[in-house]
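The values are calculated or read from the model by the stated rules, or taken from the named source; none is laboratory data. All of these numbers come straight from a predicted model, not from anything done at the bench. Every residue, glycine among them, receives a Cβ derived from its backbone with ideal geometry; neighbour counts consider all protein chains shown.
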């Protein structure tokens, strides 16, 4: 058996799609199937820990027993193809969707898991961020001439992304952190941003529709000249959040990507 063939067969066996004997495991006092089961158990335990770290509040929401059952299904149906587990767990919300008894009992769990997934991805993007050379620091804003303000393009930190939900997932995130659920109205739709800075814990910040719309326009990014004036009234709020990494100036009449 060639190495590549053996590796493929071993992965299949780990996910119950092949037997221990089929990948060359030798039986002695323990059968080949018993031996491969040890590897299977170790895989499930290890990746369950990865999922619990990626989705800590989804774990708190579902409870340990339910979460571990969902995690096991995800692990067995979504193989790990590399030794790098930093991306493992993407799409866990889709696994939850496959179990109507869970999504019916906790209908907001899928969107909440999607929020934590996006939050983890935002954290990784922020960790890899290097400011492009053509961006200017925010300290240089005071040097702009008034005529240049319309060409101003504000650039967001990559660890800052928009998120919208049919449920009050931002409020739920905070409620789980504080263990204060009395004022939670989970059926209220919410929108906002997921914010990750290297120096601070990840945050979920709910926004008004106007604040959210402004953020999405800046995310494109668009120069201020192309943004409706009423929305610009919310710009001070966004600055207070510390979400801008720098700025550039768009060519006359165009946007600066």
- Message: What pairs come out if I take residues in region 226-242 that are in contact (Cβ under 8 Å) with a residue 12 or more places away in the chain and pair them with residues that are surrounded by 12 or more Cβ atoms within 10 Å (Cβ to Cβ) and part of a loop (DSSP other than H, G, I, E, B) whose C-beta lies under 7 Å away, six or more apart or interchain?
- Response: 226/255
- Any chance you could count how many residues in region 47-69 are part of a helix (DSSP H, G or I), within 24 Å of residue 123 (Cα to Cα) and either in contact (Cβ under 8 Å) with a residue 24 or more places away in the chain or touching a strand residue (DSSP E or B) at 6+ places or on another chain (Cβ under 9 Å) (or both)? 11
- Query: Limited to region 100-132, what total is found for residues that are in a helix (DSSP H, G or I) and under 24 Å from residue 205 (Cβ atoms)?
  - Reply: 19
- Go through 242, 192, 246 for me and flag whichever is surrounded by 12 or more Cβ atoms within 10 Å (Cβ to Cβ), over 28 Å from residue 56 (Cα atoms) and outside the structural domain of residue 59 (by TED's automatic domain parsing). 246
- Only unsatisfied item for residue 230, checking (1) in contact with a helix residue (DSSP H, G or I) (Cβ under 7 Å, 6 or more places away or on another chain); (2) assigned to a helix (DSSP H, G or I); (3) exposed (fewer than 15 other Cβ atoms within 10 Å of the Cβ), is (1)
- Go through region 201-218 and give me each residue that's surrounded by fewer than 17 Cβ atoms within 10 Å (Cβ to Cβ), out of contact with any helix residue (DSSP H, G or I) (no Cβ under 6 Å at 6 or more places or on another chain) and modelled with pLDDT under 95. 201
- When residues of region 133-143 are filtered for being free of Cβ contacts under 8 Å to residues at least 40 places away in the same chain and part of a loop (DSSP other than H, G, I, E, B), how many remain? 1
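A quick yes/no check of all residues on (1) closer than 21 Å to residue 211 by Cβ; (2) in contact with a helix residue (DSSP H, G or I) (Cβ under 7 Å, 6 or more places away or on another chain); (3) not in a loop (DSSP other than H, G, I, E, B):
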site: 161; (1), (2), (3): yes, yes, yes
site: 167; (1), (2), (3): yes, yes, no
site: 174; (1), (2), (3): yes, no, yes
site: 182; (1), (2), (3): no, no, no
- So residue 173, is it assigned by TED's automatic domain parsing to the domain that holds residue 236, buried (at least 19 other Cβ atoms within 10 Å of the Cβ) and at pLDDT 90 or above: yes
- Per the filter on region 201-238, residues within 23 Å of the chain's Cα centre (by Cα) and closer than 20 Å to residue 137 by Cα are 215, 218, 219, 220, 221, 238
